[in-house]
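Novice: Structure provided below as structure tokens; questions to follow.
The values are calculated or read from the model by the stated rules, or taken from the named source; none is laboratory data. The structure displayed is predicted, hence computed values, not measured ones. Neighbour counts run over all protein chains shown; Cβ positions are idealised from the backbone, glycine included.
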Amino acid sequence: MRTGSRPFLFKQSMTANAYTDISLAELDTLRQQTGSVVVDVRDAWEFDEFNLGGLNLPLPDIRARKSELLPYNPIIVICTNGVRSRVAAKDLLRQPELKTKTMYHLHGGIIDNPD
């Protein structure tokens, strides 16, 4: 390798797709876009207890059920505090079938309320 050149993997990672963090207010606007879907990655019991609508795809099942997301764009991923949804958004964007999707992540989750 020449001095000053960077490894190919570094260059590749710089062009990788990324998700966009959004707020609760932005969620309400984005979910109204034609073709959008809200994906709640919490466990089924959490979703049953309280939810904002959308599809419930628990994080452990997200790869096995990724085909359910193919018809949608953009994809808005949510969870309680933003941790699981961040993991899900990153993982979904690594899947070849979903690389071209616009991915949003609800920063702070559904409990984050600035009021």
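Novice: Filter region 78-113 for residues that are touching a residue at least 60 places away in the same chain (Cβ under 8 Å) and among the hydrophobic types (A, V, I, L, M, F, W, C); which is nearest to THR34 (Cα to Cα)?
Specialist: MET103
Novice: Moving to a separate point now. Out of all the residues in region 52-80, which are exposed (fewer than 15 other Cβ atoms within 10 Å of the Cβ) and either touching a helix residue (DSSP H, G or I) at 6+ places or on another chain (Cβ under 6 Å) or not in a helix (DSSP H, G or I) (or both)?
Specialist: Step one: of region 52-80, the residues exposed (fewer than 15 other Cβ atoms within 10 Å of the Cβ) are 53, 60-61, 63-65, 67-68, 70-71.
Residues satisfying the conditions are GLY53, ARG63, ALA64, ARG65, LEU70, PRO71.
Novice: On to the next question. For region 1-59, enumerate the residues that are of a type in the set (Lys, Arg) and at pLDDT below 75. Please lay out each step first, then the result.
Specialist: Taking region 1-59 first, the residues of a type in the set (Lys, Arg) are 2, 6, 11, 31, 42.
Answer for region 1-59, where residues must be of a type in the set (Lys, Arg) and at pLDDT below 75: ARG2, ARG6, LYS11.
Novice: For residues that are more than 11 Å from the chain's Cα centre (by Cα) and assigned to a helix (DSSP H, G or I), scanning just region 95-115, find the one that is surrounded by the most Cβ atoms within 10 Å (Cβ to Cβ). It would help to see each step written out before you state the result.
Specialist: Residues of region 95-115 more than 11 Å from the chain's Cα centre (by Cα): 95-97, 99-100, 108-115.
Filter once more, so that each one left must be assigned to a helix (DSSP H, G or I): 96-97.
On the way: PRO96: 6, GLU97: 11.
Top of the filtered list is GLU97.
Novice: Report yes if LEU106 is out of contact with any Ser or Thr (no Cβ under 7 Å at 6 or more places or on another chain) and hydrophobic (A, V, I, L, M, F, W, C), otherwise no. Steps first, please.
Specialist: On the way: out of contact with any Ser or Thr (no Cβ under 7 Å at 6 or more places or on another chain): no; hydrophobic (A, V, I, L, M, F, W, C): yes.
No: the conditions fail for LEU106.
Novice: Follow-up question, since we're still on this one. Do you know which residues across region 81-92 are closer than 19 Å to ARG31 by Cβ and either in a loop (DSSP other than H, G, I, E, B) or touching a Phe, Trp or Tyr at 6+ places or on another chain (Cβ under 7 Å) (or both)?
Specialist: GLY82, ALA89
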